[in-house]
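**Student:** Let me give you the structure first, and then I'll get to my questions.
The values are calculated or read from the model by the stated rules, or taken from the named source; none is laboratory data. Please read all numbers here as calculations on a predicted model, not as lab measurements. Cβ sites come from the backbone with ideal geometry, for glycine too, and all protein chains shown count toward neighbours. Keep in mind that these areas ignore ligands, DNA and RNA; they rest on the heavy atoms of the full protein, side chains included. Shrake-Rupley method; radii C 1.70, N 1.55, O 1.52, S 1.80 Å.
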Amino acid sequence: MSQKNEIKILALSLLLTVGIVGGGVWLFTKNSGVKIGNTAIPNQDAGNNTSLQDRISFGEKSLTPGDISPVKKEGVQAIAAKSYDQAIANFTAALKLNRNDPEALIFLNNARIGSSKSYTIVASVPFGTDPNTSLEILRGIAQAQNEVNTSGGIKGVRLRVGIANDDENPEIAKQIASNLVSNSEVLGVVGPNTSDSTLAAGTIYNSGQLVAISPTSTSVKISNFSRYVFRTVPSDFMAARSLANYMVKTLQKKNAVVFFNSQSNYSQSLKSEFVSSVSLEGGQVSSEFDLSKADFSAAKSVEQATKQGAEVLMLAANTETLDKALQVIQINQKKLTLLAGDDVYTAKTLEIGREQAAGMVVAVPWHIDGDPKSDFPQKSRHLWGADVSWRSALSYDATVSLIKSLERNPTRLGVQEALASSDFSANGASGTIRFLASGDRNAPVQLVKIVPGSRSGIGYDFEPVR
């Protein structure tokens, strides 16, 4: 490719990033549940200097970045003043304005509990740095909380949910973990989101004997990491194996290169597992390109991959390196087959990639159209007025798992023993939930493909590979 054409493509990518994302993303978020990534308005107050007290809320403050509606603000103030009837009225009105707001639904359920007895869990999410992923996770948690509380609670005791903003920062996640461990009312945690934060905070949850169930952390390092750390998402081993099998057996291609971020535990894990899985299938990974390097060039990397006879570009990018992965997609011009991990499952990928990303296959833990027999998609659409993502489904499963364990024994030790028990099972959004001795969930991975479609409002959708 000439330098002139390379400049044109990168300029087009930049224009698409600035122009198209602003116009169509809101509609897509509302209608698809797919993560937007870095296109959201950042929380101006969410620096590392934010106090721990300002990072945790049970309803007395909103953690949602940007402005919130006046009626929601009044609800927050009412909860802080312990005026629960007023808070109920305010949050009910706020949800009529925006039914897709999980924070408002969680706070409404907390207001309904008021000062009554409850069992408490907390969600650890990256509101300050990745609000869209946080909202996806909270939708699953809010739906499970709403279902159990409206049906009478856990043997008559309702579930209270707190929200903690960990900024996807391992050190902050550890501080939050220490705070939650010291609060004897907290009986379980959903999160953290990233593998790095889960591994960091997991040491605290382990020493404090408080269960944390991550719905989104996939690194293989989390397997057997702690008796108190579980996850409802399959590990990178499962995703890598599915992608490698699809590449070699279905696509009949043997030579791949991988793009990854050496600074991300998730990205490193997925890359390593893919390299091993491709080798076991009889193929090879001829090169690895580190997206985090300051001198990374999408054009030079794709050119080198082509010269080496690569047939497949595998994108093991994480959120921080998604923009560079999108440059690879643009430069590739659909010449080599594209595969990717679950962090590439975003609205931004559809917005920027468009025709150049069409045909790319992505490994995700769950898709809303993946199981026609499941009633979760219908229930979630009825509640939110929109589709939800895999992050919502797996967060729902994590919350349902905590609810089921609290039914057995509502103590910290009781929760851990229930989840680790060989006879534990719960019905989740993505099927039956059972945990292995490693803390992993032995669940399949869903392959999805980017195809032209209207469901997203963008012109392209992720649809299951049949």
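**Student:** What is the Cα coordinate range of the stretch 323-367 on the first, second and third principal axes, sorted by size from largest, in whole angstrom?
**Tutor:** 29, 18, 16
**Student:** Considering the convex hull of the alpha carbon atoms of the stretch 348-458, report its projected area averaged over all viewing directions, in nm², one decimal.
**Tutor:** Values: hull surface 34.1 nm².
That works out to 8.5 nm², a quarter of the Cα hull's surface.
**Student:** Put +1 on the Cβ of each Lys and Arg and -1 on the Cβ of each Asp and Glu in the chain; which of PHE225, PRO126, GLY114 then has its Cα farthest toward the positive end of the dipole?
**Tutor:** My answer, from the dipole projection, is GLY114.
**Student:** Next up: Within the chain, what percent of beta bridges assigned by DSSP are antiparallel, to the nearest 5? Display every interim value, and only then the final one.
**Tutor:** Details: 16 of 51 bridges.
If I count the DSSP bridges inside the chain, around 30 percent turn out antiparallel.
**Student:** Moving on to the next point. Sort the stretch 273-329 into rounded, prolate or oblate with this rule: let a ≥ b ≥ c be the square roots of the eigenvalues of the Cα gyration tensor; rounded if a/c is under 1.5, and if a/c is not under 1.5, prolate when a/b is larger than b/c, oblate otherwise.
**Tutor:** Details: a/c = 2.31, a/b = 1.43, b/c = 1.62.
In terms of gyration-tensor shape, oblate.
**Student:** At q = 0.11, 0.13, 0.14 Å⁻¹, what log₁₀ I(q)/I(0) does the chain have when each alpha carbon counts as one equal point scatterer in the Debye sum?
**Tutor:** With one equal scatterer per Cα and no solvent, log10 I(q)/I(0) is -0.84, -1.16, -1.34.
**Student:** If each of VAL465 and LYS334 carries a label point 7 Å out from its Cα toward its Cβ, how far apart are those two points in nm?
**Tutor:** 1.8 nm
**Student:** Here's another thing I want to ask about it. From the phi of every residue in the stretch 261-267, what ³J(HN,Hα) in whole Hz does the Karplus formula 6.51 cos²θ - 1.76 cosθ + 1.60 yield, where θ is phi - 60° and glycine or proline is x?
**Tutor:** 10, 5, 8, 10, 4, 4, 5
**Student:** Could you give the size of the charge dipole of the chain about its Cα centre, using +1 on the Cβ of each K and R and -1 on the Cβ of each D and E, expressed in debye and rounded to the nearest 20? Kindly include the intermediate steps, with their values, before the conclusion.
**Tutor:** Working: 46 positive and 43 negative charges, 147 e Å.
The calculated dipole for the chain is roughly 700 debye.
**Student:** Quickly estimate the mean residue ellipticity at 222 nm for the chain, helices only: each DSSP H run with n ≥ 4 gives -39500 (n - 2.57), and the total goes over all residues, rounded to 500. Display every interim value, and only then the final one.
**Tutor:** On the way: 16 runs with 205 residues, N = 466.
One gets -14000 deg cm²/dmol as the mean residue ellipticity at 222 nm.
**Student:** What's the FRET efficiency of ASN427 with THR306 using the Cβ-Cβ distance as r and R₀ = 56 Å, to the nearest 0.05? Can you show the working numbers first?
**Tutor:** Values: r = 48 Å, r/R0 = 0.86.
Between ASN427 and THR306 the formula returns 0.70.
**Student:** Can you compute the equivalent ellipsoid semi-axes for the stretch 363-425, i.e. the square root of 5 times each eigenvalue of the Cα gyration tensor, sorted largest first and rounded to whole Å? Please list the in-between numbers first.
**Tutor:** Values: eigenvalues 150, 32, 20 Å².
The three semi-axes for the stretch 363-425 are 27, 13, 10 Å.
**Student:** By how many degrees, 0 to 90 and rounded to 10, does the Cα axis of helix 322-332 deviate from the longest principal axis of the chain?
**Tutor:** Result, in degrees: 30.
**Student:** Helix 195-207 versus the longest principal axis of the chain: what angle, 0 to 90°, nearest 10, using Cα atoms?
**Tutor:** 40 degrees
**Student:** Also, quick follow-up: Which length gain, in nm to one decimal place, applies between LEU52 and SER207 when the Cα-Cα distance is subtracted from 0.36 nm times their residue separation?
**Tutor:** Working: separation 155, 0.36 × 155 = 55.80 nm, distance 2.01 nm.
Taking LEU52 through SER207 to full extension adds about 53.8 nm, to one decimal.
**Student:** Here is a further query. Can you give me the angle between helix 390-408 and the longest principal axis of the chain, using Cα atoms only, in degrees from 0 to 90, rounded to the nearest 10?
**Tutor:** So the inclination is approximately 40 degrees.
**Student:** Near the amide H of TRP366, under 5 Å away, which other amide H atoms are found, from residues 5 or more places off or on another chain, if H is placed in the peptide plane?
**Tutor:** Counting only residues 5 or more places away or on other chains, the set is GLN446.
**Student:** Another question about this same structure. Mean separation of Cα pairs under 8 Å and 6+ residues apart, divided by the residue count of the chain: what relative contact order is that in percent? Can you show the working numbers first?
**Tutor:** Numbers: 988 pairs, mean separation 82.5, N = 466.
Rounded, it is 18 percent for the chain.
**Student:** Still on this structure, please answer the following. Where in the stretch 369-446 are there trypsin sites (Lys or Arg not before Pro) that are in a DSSP coil and have at most 12 other Cβ atoms within 10 angstrom of their Cβ?
**Tutor:** Details: sites: LYS373, LYS379, ARG381, ARG391, LYS404, ARG408, ARG412, ARG434, ARG441; in loops: LYS373, ARG434.
Sites meeting the loop and neighbour criteria: LYS373.
**Student:** Let's test the formula: R0 of 51 Å, r as the Cβ-Cβ distance of GLU185 and LYS373. What FRET efficiency results, to the nearest 0.05? Don't jump to the answer; show the numbers that get you there.
**Tutor:** On the way: r = 38 Å, r/R0 = 0.74.
Efficiency, rounded to the nearest 0.05: 0.85.
**Student:** What are the trypsin sites (Lys or Arg not before Pro) within the stretch 142-224 that DSSP puts in a loop, where the Cβ has at most 15 other Cβ atoms within 10 Å?
**Tutor:** Passing both the DSSP loop test and the Cβ count: LYS155.
**Student:** Can I ask one more? May I ask you to give the average projected area over all directions of the convex hull of the Cα atoms of the stretch 227-280, in nm² rounded to one decimal? Each step should come with its number before you reach the end.
**Tutor:** Working: hull surface 18.7 nm².
Directional mean of the projected Cα hull area for the stretch 227-280 stands at 4.7 nm².
**Student:** Per residue, how large is the accessible surface of the chain? Use a 1.4 angstrom probe and give square angstrom. Please report the intermediate quantities before stating the final value.
**Tutor:** Details: 18320 Å² over 466 residues.
Dividing the accessible area of the chain by its residue count gives 39 Å².
**Student:** If you average the alpha carbon positions of the stretch 68-87 and of the stretch 96-156, how far apart do those two centres end up, in angstrom?
**Tutor:** If you average the Cα positions of each part, the centres end up 15 Å apart.
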